[in-house]
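Starting off with a structure, shown below.
Please treat every number below as a calculation from the coordinates, not as lab data. What you see is a predicted model; the values in this text were computed from it and never measured. Cβ atoms come from the backbone with ideal geometry, glycine included; neighbour counts cover every protein chain shown.
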Amino acid sequence: MDRVQTNYIDFIGLKGNKSHVVVSDYRDKLLNKKYLYPVIFTRLEGVSICSTSKNYFKVCHQLFDGSSDSVHQLMENLNNTDESFSIRTMRRYIGVSDYNIEPDIESDIDALGVKTCVLTKALSETISFDINVPMVKYIENKLDIINDERQFVSIKNNEVASTAFISDIYGSLANIVVYTVPKYRNKGHGAAVVKACIKWCTEHNCEPVYFVEEANERSIQLAQKVGFKRFYEEQVVTKL
């Protein structure tokens, strides 16, 4: 069993557990401080697994048998409560193709004529960023990330073209979030900042994770461009 699979087994709660319905503490933790995924359906070595919050273990254990019909039945049951849920198909890319090859960030910077660097409070006071909240508030919400120096920006004409950051670290899995300002998309800025995140992961002995919706072809292309190849397909239940 390799490092990627070992970390994924720990993430879904399967470590030391042979059941097809398992509890994971990570199902009760917000991703990027906003998204809650209390139930995840995945496959490991051909076996269907339900990774769930302890709050939904009973119903998952009763209804899930590994079939798609049981997933539909489970979703109907969950939505018959006072809570509302949706389900999406996602890809969780883990690890770039070759850890011996350090991301070549400098070549992207030269080609684009842009500056890619760590986002700091001091830097934030000198640049503009097309976001829906004031920069001061944005920095306050990301203070733990800023202090750990795990957010990066690509700057063009004193403006943030793209940013990527490590939003969460689950054991040894480090989740990467990327956003590129619309007018700067398809110009390599997103790849530059994601590569910076991958470099941070290698320096901190973490596996980089790129979590993306199956239908988001542009984001999948970005993941593959920077070296992500191996992924787990998941059906992810979102609490609305």
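For the chain, what does the helix formula give at 222 nm: sum of -39500 (n - 2.57) over DSSP H segments with n ≥ 4, over the residue count, nearest 500 deg cm²/dmol? Write down the numbers at each step before the final one.
Details: 9 runs with 77 residues, N = 240.
Helix-only estimate at 222 nm: -9000 deg cm²/dmol.
Evaluate the charge dipole of region 3-93 about its Cα centre and quote only its size in Debye, nearest 20, assuming +1 on the Cβ of each Lys and Arg and -1 on the Cβ of each Asp and Glu.
It works out to roughly 500 debye.
Could you give the nm distance between label points at Thr202 and Asn141, where each point is 7 Å from its Cα heading toward the beta carbon?
So the two model labels end up 3.1 nm from each other.
Ok, one more. Angle, helix 189-203 long axis vs. longest principal axis of the chain, Cα atoms, 0 to 90°, nearest 10?
70 degrees
Same structure again: So who's got an amide H within less than 5 Å of the one on Ser162, skipping anything under 5 residues away but keeping other chains? H placed 1.01 Å off N, in plane.
Ser154, Val181
Near the amide H of Tyr170, under 5 Å away, which other amide H atoms are found, from residues 5 or more places off or on another chain, if H is placed in the peptide plane?
Distant-sequence amide H within range of Tyr170: Asn175.
How would Ile12, Ile155 line up from fewest to most surrounding beta-carbon atoms within 10 angstrom? Mind dumping the intermediate values first?
On the way: Ile12 24, Ile155 21.
Ordered from fewest to most neighbouring Cβ atoms within 10 Å, Ile12, Ile155 come out as Ile155, Ile12.
Tell me, how many Å apart are the Cα centres for region 166-234 and for region 18-57?
With region 166-234 and region 18-57 each reduced to a Cα centre, they are spaced 21 Å.
What ³J(HN,Hα) values, in whole Hz, does the Karplus curve 6.51 cos²θ - 1.76 cosθ + 1.60 give for region 150-165 when θ = phi - 60°, with x put for Gly and Pro?
10, 10, 10, 10, 9, 10, 10, 6, 6, 10, 6, 8, 7, 9, 9, 8
I would also like to ask the following. So if R0 is 22 Å, what FRET efficiency would Glu233 and His20 give, r being the distance between their Cβ atoms, rounded to the nearest 0.05?
Numbers: r = 16 Å, r/R0 = 0.75.
For R0 = 22 Å, the calculated efficiency reads 0.85.
Using r as the Cβ-Cβ distance of Val118 and Gln224, and R0 as 30 Å, what FRET efficiency do you calculate, to the nearest 0.05? Don't skip to the answer; put the middle values down first.
Details: r = 25 Å, r/R0 = 0.84.
The calculated FRET efficiency here is 0.75.
With no other cysteine's Cβ closer than 4.7 Å, which Cys residues of the chain count as lacking a disulfide-compatible partner?
Cysteines lacking a close Cβ partner in the chain: Cys50, Cys60, Cys117, Cys197.
Once Lys and Arg get +1 and Asp and Glu get -1 on their Cβ, which of Asn141, Gly95, Val209 lies farthest toward the positive end of the dipole of the chain?
The residue sitting most towards the positive pole is Asn141.
Find the relative contact order for region 3-93 and round it to a whole percent, using C-alpha pairs within less than 8 Å whose residues are 6+ positions apart.
Values: 101 pairs, mean separation 18.2, N = 91.
Normalised by residue count, the contact order of region 3-93 is 20 percent.
If you don't mind, there's one more thing I want to ask. Which angle from 0 to 90°, rounded to the nearest 10, does the C-alpha axis of helix 68-79 make with the longest principal axis of the chain?
That helix lies at roughly 80 degrees to the long axis.
Where Lys and Arg each count +1 and Asp and Glu each count -1, what net charge lies around Val23 among other residues with Cβ under 15 Å from its Cβ? Spell out each step's value before the answer.
Values: positive: Lys15, Lys18, Arg27, Lys29, Lys54, Lys58; negative: Asp10, Asp25, Asp28.
That sum, taken over residues with Cβ under 15 Å, equals +3.
Hey, got the dipole for the chain? About the Cα centre, +1 on K and R Cβ, -1 on D and E Cβ, debye to the nearest 20?
Numbers: 29 positive and 31 negative charges, 45 e Å.
Around 220 debye, computed over the chain.
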